[in-house]
Amino acid sequence: MERRTKAIALSLAVCLVSLALVPGWADGPVSRTEGFERDGFTVNDNDTNAFSPAVAFGSLSGDPYDSQPLVAFEQVSNDPATDILVKSFSYTTGAWDRRGAGSLNLDRSHIGERPALALVGRVGAGVAPWVAFNEVRPDQMAVPRYFWDSQVFVRRLVQDGTGEHWSVVGQNRGAGGRLLPSLNMDLGQNAANAALAVGPAPDQGGERAVWVAWDEDTRSNRQRQVYVRRAAPSDAPAVLGGYRWDLVGQPRGPGGVPSLNVNPSRLAEHPTLAFAGQNGVESWVVWQESELPLANPRITDPTPIARLYSARAVPDASTGGGYRWETQPTCPTDAACALNRNFQNHAVNPRLTAGSLAGEDPNQPTPWVVWQETVYETRDINFVPIRYSHIFVSRWDGARWRAVGGPLNVALDTEATNPDIRFVDHVPYVAWSEEKGKVYDPRTRRYFRFAYVYVARLADATLGRERWELVTNVNCGANFVPYWAGDRPALADADGSVYLAWQESGLEIFPPADYNPRGQPVFAARLAADRPAGCNTALNTPTPFVTPTTRATRTASPTLPSTATANPPPLPTGTPTATPSSSPTSTRLATATPTLSATRTATPTVTTTPTLSPTSTLTFTPTVTPTFTPTWTATVTRSPSPSATATPTLLYRLYLPYINATRPR
């Protein structure tokens, strides 16, 4: 019992230090006039695990007043099998509806992973969603990923006389009647991390062209290459869905394949695509590339440093798909063309977009890229990795990649991951996940991560003085529940406003009282001008686990002090009262968290100095007598908003279940 109590105390102290380290920019200009308003409840089906959302916004009917969000995601159907699903939100019914005939998987016994979503259509007509993803056989989960033979597929939503259904797209490469419209270079290799982009196609009669990038292992020495295919209309008998997939680029990889790798002998992963240039006809790709691990393939530590590279597709009729790849900028050495903010740092998870700032030519969008970069890494005394990674943004200025401001992190001593970037009304927005701490569960002896999803926009684009501004609250981000792990945010342009989808890990040991998820939900929300960016909106209103037993009840609207403390003075007797000169306006409940001091055994007393309205009554009910061991000291302050009900502090809510569980009964 004593050991568990000490573990809780130590973990609380660590979390307090972690949450206190917030750099000054987080206290700067944060919008309070807008916030995210959630559509529906969860995008995924109730009581299911869902992951990796991708989001788009548009009108499938062609009616501009009928635009709606669409989200593609993974959902566990029959563990470990996962389905790729697409849902759209109906503003008429207020519900998320499945599109097509359900799962996009070619085989529902397989594991569908990492969907990418794009909307494609003719000008003036409705758009149709296209989805790229990869499938893995469940029996391969027992072996390292390097030995999988996962396939990349693409489907598009078709509306005809039989209704809606998902049509496979591409050449059928299966033998013996097997359906296998795979994009893989080698059907026996592991392909993953597909990315989609849609751009103009002057050679396709005005229809927009779909490009897909992915990474794939080779048979020699676990090298991994990045490839790109382009959809082209075809009515050939072996082609499904009316489109074939043409490889893009000149031979440069193992065996003369059109790989994008700067060095084909390295491991390239996580490509991302966008269209830029005059009228948006240039296809750009950014990816990460690292040396092969030196250790056994089953051992992933140490991880070689990954660096980011970019390439542009240039028309060339003599090469595959009518284009060749040119690395941007030119690459005489790795250091000359890597995008990393520091060449010696580990940079991963790039996301690419294209757009123009206010005052720039809207017909000539430029590429912008965001990524995460590790700036510090070590291990604690238990050999648990401690890693600080920052979110950076750069833009192409015609000759090189130029930094746009510094790190976007709210706290610089945290790990920020999985960013996304999108232009909305000539303003770039960036979303990312940022770890806020780890919670130790003495029952499982595991640490649980909780993180916030933040969104920021470029508030000042002045060269050399760029400044980013948060549009989510610094204390909870966009999370539905602040003490869950928000992750993998995805952004879209919702007809001039920002649309966000993300996943959250609902910790079973810390469920809010009004929502006990059995799975991991996916949420989606729109940035609304009339919604304050606070943690007390409908988007961020978790119910506390329990109401603290030390509290003050009053019938009036007092002004709460910014800090409430208790340092065991004599207990109060009687009921203090006050009779000012006006009538009460409301009834509110305020809670206070005492300052805990080591080597004390006493009943804490809450000291407040409210400004009371007429006929106010302040009642103290001290009912808890905690005993503290002389091993730590923690001071908690709170700053409640006068316009909202004051709630217990985050860490108090996190640890109260443990305190209750370990208290003798």
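No lab work stands behind these numbers, since they all come straight from the coordinates. All values derive from a computational prediction rather than experimental measurement. Heads up, the Cβs are rebuilt from the backbone with ideal geometry, glycines too, and the neighbour counts pull from every protein chain shown.
Would you mind putting 404-413, 150-159 in packing order, based on average other-beta-carbon counts within 10 Å, highest first?
With the highest mean Cβ count within 10 Å placed first, the list reads 150-159, 404-413.
Share of Cα-Cα pairs in the stretch 361-492 beyond 27 Å, in percent?
Summing the P(r) of the stretch 361-492 above 27 Å gives 26 percent of all pairs.
Averaged over all directions, how much area does the convex hull of the C-alpha atoms of the stretch 145-271 cover when projected, in nm²?
Value for the stretch 145-271: 9.2 nm².
Evaluate the distance, in nm, between pseudo-label points positioned 7 Å from the Cα of A358 and of N342 along their respective Cα→Cβ axes.
It works out to 3.5 nm between the two label points.
Simple spin-label model, 7 Å along Cα-to-Cβ: T333 to N78 in nm?
5.7 nm
Output the Cα-based Rg and Dmax of the stretch 424-505 in Å, rounding Rg to one decimal and Dmax to a whole number.
15.4, 53
Arranged from highest to lowest average of other beta-carbon atoms within 10 Å per residue, in what order do the peptides 98-104, 330-336 appear?
98-104, 330-336
What's the center-to-center distance, using Cα atoms, between the stretch 70-97 and the stretch 46-64 in Å?
7 Å
Work out how much length L292 to V427 would gain on full extension: take 0.36 nm times their residue separation and subtract the Cα-Cα distance, in nm to one decimal.
44.8 nm
Along its three principal axes, how long is the stretch 237-356 when you only count alpha carbons? Whole Å, largest extent first please.
Each principal axis gives a Cα extent; for the stretch 237-356 these are 47, 39, 27 Å.
Which FRET efficiency value, to the nearest 0.05, is calculated for A238 and Y65 with the Förster distance at 45 angstrom and r the Cβ-Cβ distance?
That gives a FRET efficiency of 0.65.
State the Cα centre-to-centre distance between the stretch 356-404 and the stretch 162-182 in whole Å.
38 Å
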